[in-house]
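Visitor: Got a structure for you, written out below as C-alpha cells; questions coming shortly.
Each value in this text was obtained by applying a stated rule to the coordinates, not by laboratory testing. These numbers come from a predicted model, not from an experiment. Reconstructed Cβ throughout: ideal geometry from the backbone, glycine too, with neighbour counts over all protein chains shown.
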C-alpha cells in the first residue's frame, strides 16, 4: 500500500489523472468554494447583526448573495458536524451519535469530494479535517490537493521556513489563493476549513484585536474573526482580479455555535459551546451563499435548512444527479424563487454517545417556529416558540400537547433510519495530513500504511 510521504508535496507536481477529467471547459461548470469556519457564532459577523467586530468582506459576500437565518448543523460539534457535511447524511445513519473521533465514514458511499472529483473537478482541502478513521484522511477520501499542516507551536502561531513566527489564519488564506491560482483554468472545488476561530484566542496579535471595539471578554475572539474576514477579502480580490467571481459559488458557514467562554454570540438566540449546548445557538450556523447572476443579491432566506443540504446543492451546481444516499435538499430552487417554503419540514438531533460529556447530550426537533427539546431520551419534552421566545425561557409544552405529540411522532419515525452505534476501530497509523509547508498531490485515493490493533 502507498504511504503519504513528504516528497509528494512538491507544489509543481503533475497530477496523474484521466485525460477526460477536464474535457469540459471551466466556464461550463462553476467553481465551488466552501468556507467552513470553526466555532463561529450566529451573532459574530456583520450580516447577522454584529456591530463590535468589523467584517467588511463577509458583509460584501452577503451583499452579493443570500444569508440564511435558519440553517442548522445536525450533528454538533466539530468531528460529527464535518462527517455529516462531507457525507450529506445524518451521522446517525452511519452509526455516529456523538464526537466519536476515529469512527469511519462509510466506504461504500462517496464523500462530497469524491463525488465532485469523479465529475471533473479538481478538489482541494486546507486546514482542519477531523473526521473519519485514522486512515480516512482527505487524500484518501477524494481530495486531490491537500495543504500540509503548518508546524504550529501554539494554536494559531507557527514557524515559517525562515524561522519567523507567523499567524496561522493568514497562512491558510495564502494557501487558499495558491490553490485557486494553480487551478483557475479548470473547474475546482475548494474546502477551506481553517482552525479559526476555535479557542484559545489569547495569543492573537494586537494589530488584529485593536481593530475591534469588542468588550474585554471577546476582544481576542474579535481579533481572530477580523483575521478570518481578511482572508475572505483576500479571496474575493483574487477572484475579481482574475475574472473568476461570476463563475464561482461561495458558501460560508460554521461547524457549530460559538465559544461562550470567549464571549461568542448567538444573538438574537442563546447557546453555544460548553454551558450553552442545550440551546439553539449551538446548532445554528451563520451561513451565506453567493453566486453572482444566479443567487439573488442582498436577500435573506428563512427556510428550515441544514449543512446536509450543501452536498445536494453542489451536485445540482455541478449539473449531475445527486447520489442516492443523500439526505439533504438542493437549495438552489428555493434561493432562485422556483420553490417556496421550508426545504425541510423537520430537522432532528440526537447526541447520546455514552462516551461524551453530559453537556454534549442533546435530543431536539425543529418544525415551523417550534423547537422541541430534552437533554436525555427519558426526559420530558420541553417546547419553545422561537418567534415569541428566541432565548428559550418559556416552556409551552403543556399549552400545546398536540404539537408536542406530532413532533415526537416524527422524531421516532426518523429514528427508524438510524444504524446501530459503531465502535471506533483500533488502528495504528501516522497523521493523515503531514506536517510541512507544501501540498500532498494525488488522485484523492491515497492509502495510508497502518496496522490494526487486535486485543
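Visitor: Counting pairs of alpha carbon atoms under 8 Å apart in space and at least six apart in sequence, what relative contact order in percent does region 358-415 give?
Guide: 24
Visitor: By how many nm would the segment from residue 427 to residue 380 grow when fully extended, if each residue of separation counts as 0.36 nm and the alpha-carbon distance is taken off?
Guide: 12.9 nm
Visitor: Here's a follow-up. Taking the chain as the reference, fit the longest principal axis to its C-alpha atoms, fit the long axis of helix 401-415 to the helix C-alpha atoms, and give the angle between the two in degrees, 0 to 90, nearest 10.
Guide: Roughly 40 degrees, rounded to the nearest 10.
Visitor: Extension gain residue 398-residue 445, at 0.36 nm per residue separation less the Cα-Cα distance, in nm?
Guide: Length difference between fully extended and current span is 11.5 nm.
Visitor: Separate question: Grab the Cα-Cα distance for residue 186 and residue 368, subtract it from 0.36 nm times how many residues apart they are, and report the gain in nm with one decimal.
Guide: 61.4 nm
Visitor: Could you pull the Rg and Dmax for region 192-279, using just the Cα atoms, both in Å?
Guide: Reported Rg and Dmax, both Å: 15.1, 45.
Visitor: Given 10 °C and 1.306 mPa s, how large is the Stokes-Einstein diffusion coefficient of region 389-440 in µm²/s, with Rh as the Kirkwood radius over Cα pairs?
Guide: Roughly 95 µm²/s, to the nearest whole number.
Visitor: Going by average Cβ density within 10 Å per residue, which order do the peptides 416-426, 77-87 take, highest to lowest? Spell out each step's value before the answer.
Guide: Values: 416-426: 12.2, 77-87: 25.6.
Taking the mean over residues of other Cβ atoms within 10 Å, the ranking is 77-87, 416-426.
Visitor: May I ask what percent, to the nearest 5, of DSSP beta bridges between residues of the chain are antiparallel?
Guide: 55
Visitor: For region 358-415, what is Rg from Cα atoms divided by 2.2 N^0.38 Å, rounded to two decimals? Numbers along the way, then the final one.
Guide: Values: Rg = 11.0 Å, N = 58, 2.2 N^0.38 = 10.3 Å.
Relative to the 2.2 N^0.38 Å estimate, region 358-415 comes out at 1.07.
Visitor: Give me the one-decimal nm value for the distance between modelled label points at residue 274 and residue 412, 7 Å along each residue's Cα-to-Cβ direction.
Guide: 3.9
Visitor: Which of rounded, prolate or oblate describes the chain when judged by the alpha-carbon gyration tensor and an a/c cut-off of 1.5?
Guide: rounded
Visitor: Need one number: nm distance between label points at residue 165 and residue 215, each 7 Å from Cα along Cα→Cβ, rounded to one decimal.
Guide: It works out to 2.9 nm between the two label points.
Visitor: Another question about this same structure. If each DSSP helix of 4+ residues adds -39,500 (n - 2.57) and the sum is divided by the residues in the chain, what number results at 222 nm, nearest 500 deg cm²/dmol?
Guide: Value at 222 nm, helices only, nearest 500: -6500 deg cm²/dmol.
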